[in-house]
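Undergrad: Dropping the structure in here first, questions after.
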Amino acid sequence: MDFDSFVLAASTANLAEEPAAREHADAIEFRMDLAEAPLAALERYDGDLPILATNRAEWEGGDTADDGRLETLAEASRFEAVEAIDVELAAMRGGDADALLETVRDREPNVAVVASAHDFGGTPQESAMIETLTDACERADVGKLAVTAHDRADALAVLSATRRLTAEGKPVATMAMGEAGSHTRAVAPVYGSRIGYAPVDPEKATAPGQYDLETLARLVTT
């Protein structure tokens, strides 16, 4: 998966939604942690859009316990349609993801890696966000940071960090969750964010403040 330019990912736990996403999305973010029998779903997948596979841990807002989680993600990376995976930055820092990263980098063609971090409580200082994203970019193809904005100042700090890192040539994906930060999902690509996320079905948002796919696609192209 090429993150040289902006990628709009349709987030879903049901790969059967892929046909409805084709008109607006560049990729599918498959939320394995929210899906039933995710490996079997990947085996059946015959869609057109490439997959960014995410198996989010409970401790980072997902629905999967750690037992076998990264091993399952490694199995998912073997499917041809899976062109990228999301791995928590904390798992990389602790060494827990070493075997997974070795697996995906040995595959031909290589699977891209997104190193992600989330803050569901607030927005760190801009310097702290830059430090987190810089570390993530050093470990992966894209560094992703999602924070929670309580006011416009928080949203502005996220956009400022995005602009600074983009100017340094670092590929980042950023967004501010919550009502105060919802607009960052539409404008962060202007500042260099490489990935946007939106559910096909507005009723199935996977993070607070998400636009639905059709709406976000329209906003980022206007």
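The values are calculated or read from the model by the stated rules, or taken from the named source; none is laboratory data. In this text the structure is predicted, and so the values were computed from the model without any measurement. Cβ sites come from the backbone with ideal geometry, for glycine too, and all protein chains shown count toward neighbours. Calculation scope for accessible area: heavy atoms of the full protein, side chains included, ligands and nucleic acids excluded. Shrake-Rupley method; radii C 1.70, N 1.55, O 1.52, S 1.80 Å.
Undergrad: Regarding ALA99, is this residue open to solvent by 40 Å² or more (accessible area, probe 1.4 Å) and aliphatic (A, V, I, L, M)?
TA: Considered against the rule, which asks whether it is open to solvent by 40 Å² or more (accessible area, probe 1.4 Å) and aliphatic (A, V, I, L, M), ALA99 comes out as yes.
Undergrad: Look through GLY121, GLY178 and report the one residue that is modelled with pLDDT under 95, of a type in the set (Gly, Ala, Ser) and over 15 Å from the mean Cα position of the chain (by Cα).
TA: Result of the check over GLY121, GLY178: GLY178.
Undergrad: Within the range 13-26, is there a residue that is touching a helix residue (DSSP H, G or I) at 6+ places or on another chain (Cβ under 9 Å), under 12 Å from ASP86 (Cβ atoms) and either open to solvent by less than 30 Å² (accessible area, probe 1.4 Å) or not hydrophobic (A, V, I, L, M, F, W, C) (or both)?
TA: No; the residues of the range 13-26 include none that is touching a helix residue (DSSP H, G or I) at 6+ places or on another chain (Cβ under 9 Å), under 12 Å from ASP86 (Cβ atoms) and either open to solvent by less than 30 Å² (accessible area, probe 1.4 Å) or not hydrophobic (A, V, I, L, M, F, W, C) (or both).
Undergrad: Here's something else I'd like to know. Considering only the range 1-97, give the helices (runs of 4 or more DSSP H) lying wholly within it that have at least 3 residues that are of a type in the set (A, V, I, L, M, F, W, C).
TA: 38-44, 69-76, 89-93
Undergrad: Could you give every pair whose Cβ atoms fall below 7 Å, whose first residue belongs to the range 72-98 and is without any contact (Cβ under 8 Å) to a residue 24 or more places away in the chain, and whose second residue is open to solvent by less than 10 Å² (accessible area, probe 1.4 Å) and not β-branched (Val, Ile, Thr), counting only separations of at least 6 or pairs across chains?
TA: Here the result reads none, with nothing in the range 72-98 linked to a residue that is open to solvent by less than 10 Å² (accessible area, probe 1.4 Å) and not β-branched (Val, Ile, Thr).
Undergrad: When you check ASP67 against the structure, is it open to solvent by 30 Å² or more (accessible area, probe 1.4 Å), in contact with a strand residue (DSSP E or B) (Cβ under 6 Å, 6 or more places away or on another chain), of a type outside the set (A, V, I, L, M, F, W, C) and free of Cβ contacts under 8 Å to residues at least 40 places away in the same chain, yes or no?
TA: No, not satisfied.
Undergrad: In the set ALA57, ALA128, which member is open to solvent by 10 Å² or more (accessible area, probe 1.4 Å), more than 21 Å from ASP4 (Cβ to Cβ) and not acidic (Asp, Glu)?
TA: ALA128
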